[in-house]
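Readers should treat all values here as calculations from the given coordinates under stated rules, not as data from a laboratory. If you're wondering where the values come from, they're calculated on a predicted model, not measured in any experiment. Virtual Cβ from ideal backbone geometry, glycine too; neighbours counted across all protein chains shown.
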Amino acid sequence: MSQRRKFIKQSLMGSALFLPGVAASCAQVSPKENTSGEKPLILSTWNHGIPANADAWAKLQETGSILDAVEAGVRNTELDMENLSVGLQGLPDREGITTLDASIMTGDGSCGTVAFVRQVKHPISLARAVMEKTPHVMLVGEGARQFAIAEGFPMEEEKLSPKAQEAYDKWKVTSQYKPIINIENHDTIGMIGIDANGKLAGSCTTSGLAYKMHGRVGDSPIIGAGLFVDDEVGAATATGLGESIIRICGSFLIVELMRQGRTPQEACEEAVKRLVAKNKGINDIQAGFLAINKYGEVGAYAVHPGFNYAQATSQGNVLIDSKSHFTP
């Protein structure tokens, strides 16, 4: 009997190696150490990521805080008057009103988000205040505005920037609501970073899809969609048509794939593959993902060509073109 029990025990242990859940947990217990990445490291979406990264890197050197860095970096973009997809100068909704979304997160699970916010110049800082000064994760609309006033955030005049007003007047001629793929409507800056000690943080801020329905919220302020960070694994952020990203919980998916052993690049490619499968009209949808793991390895992938990202390390701050699922 003792030999039979020993045989059964060994057989069960061998079978467990082929069970997906067990295999994943085993990978988590004994992850393969990797030293091919680089730390510290900051990544951000699109070409406006270059100046954003510069501010983030300077803040990291000043304070040593990766959280401070990812906040400071995207604040740069929130003030960029040439940018029509982030900040109060961004393109409005179909009612002619600019509303903003933002999120911020650290690797220990702390996070804060705001959505459908008006008149706040730096929604990313308001999101951080939600994280640090309230028991909540998300505040929206008038409630977020009231919290901003209570925290001393100045209320800006509700007036479109000259470029946004010109674009809105042109749009009103036909008033067609159709998400488009181009550089003017990628609608986000997402930033993720890791410090020299392996601490991670991320931020995401946007004025949302141009000419959206009033009240529409995209992926940027939704933890797990536009942003997700876990010190034990890595971080991911997204850009593009928010609805398509929300449908697959894109950033959370990428981090979980990395937890199971995928590289950041493999995880981003799998996320795009699932996004393509889950969304109709994919020819009119652009979305892209950025990821880093806890070793400082990088991944980036998009649905269509045209997505680029900025990467800052001790070696410099460069703009890189991402590969994509579809090619010309």
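Taking springs between alpha-carbon atoms closer than 10 angstrom, which of Ile50, Ile124, Ile189 fluctuates most in the Gaussian network model of the chain?
Ile50
Find how many whole Å separate the alpha carbon centroid of the stretch 209-267 from the alpha carbon centroid of the stretch 31-89.
First find each Cα centre; the distance between them is then 17 Å.
Once fully extended, how much extra length lies between Glu132 and Lys172, figured as 0.36 nm per residue of separation less the alpha-carbon to alpha-carbon distance?
That pair, Glu132 and Lys172, stretches by 10.3 nm at full extension.
Arrange the peptides 302-314, 152-164 so that the one whose residues have, on average, the most other Cβ atoms within 10 Å appears first.
302-314, 152-164
Volume per residue, Å³, of the convex hull around the alpha-carbon atoms of the stretch 36-324?
111
With unit charges on the beta carbon (Lys/Arg positive, Asp/Glu negative), name the residue among Phe307, Asn279, Ser322 whose Cα is farthest towards the positive pole of the charge dipole of the stretch 246-328.
The residue sitting most towards the positive pole is Asn279.
Can you work out ³J(HN,Hα) from phi for every residue in the stretch 299-304, in order, using Karplus 6.51 cos²θ - 1.76 cosθ + 1.60 and θ = phi - 60°, giving whole Hz and x for Gly and Pro?
Each residue of the stretch 299-304 in turn: x, 7, 6, 9, 6, 10 Hz.
What translational diffusion coefficient, to the nearest whole µm²/s, does the stretch 172-328 have by Stokes-Einstein, given a Kirkwood radius computed over alpha-carbon pairs, a temperature of 10 °C and 1.306 mPa s viscosity?
So the translational diffusion coefficient is about 102 µm²/s.
Kindly write out, for the stretch 316-328 in residue order, the coupling ³J(HN,Hα) from the Karplus curve 6.51 cos²θ - 1.76 cosθ + 1.60 (θ = phi - 60°), rounded to whole Hz, with x marking Gly and Pro.
x, 10, 10, 9, 10, 7, 7, 6, 9, 5, 9, 10, x
Quick one: putting +1 on the C-beta of Lys and Arg, -1 on the C-beta of Asp and Glu, what dipole do you get for the chain around its Cα centre, in Debye to the nearest 20?
Computed about the Cα centre, the dipole is about 1440 debye.
Within the stretch 31-138, which trypsin sites (Lys or Arg not before Pro) sit in a loop by DSSP and count at most 12 neighbouring Cβ atoms inside 10 Å?
Lys32
Over 19 Å between C-alpha atoms is what I'm after, so list which of Lys199/Lys294; Lys39/Lys199; Lys133/Lys199; Lys212/Lys323; Lys163/Lys212 land there.
Lys133/Lys199; Lys212/Lys323
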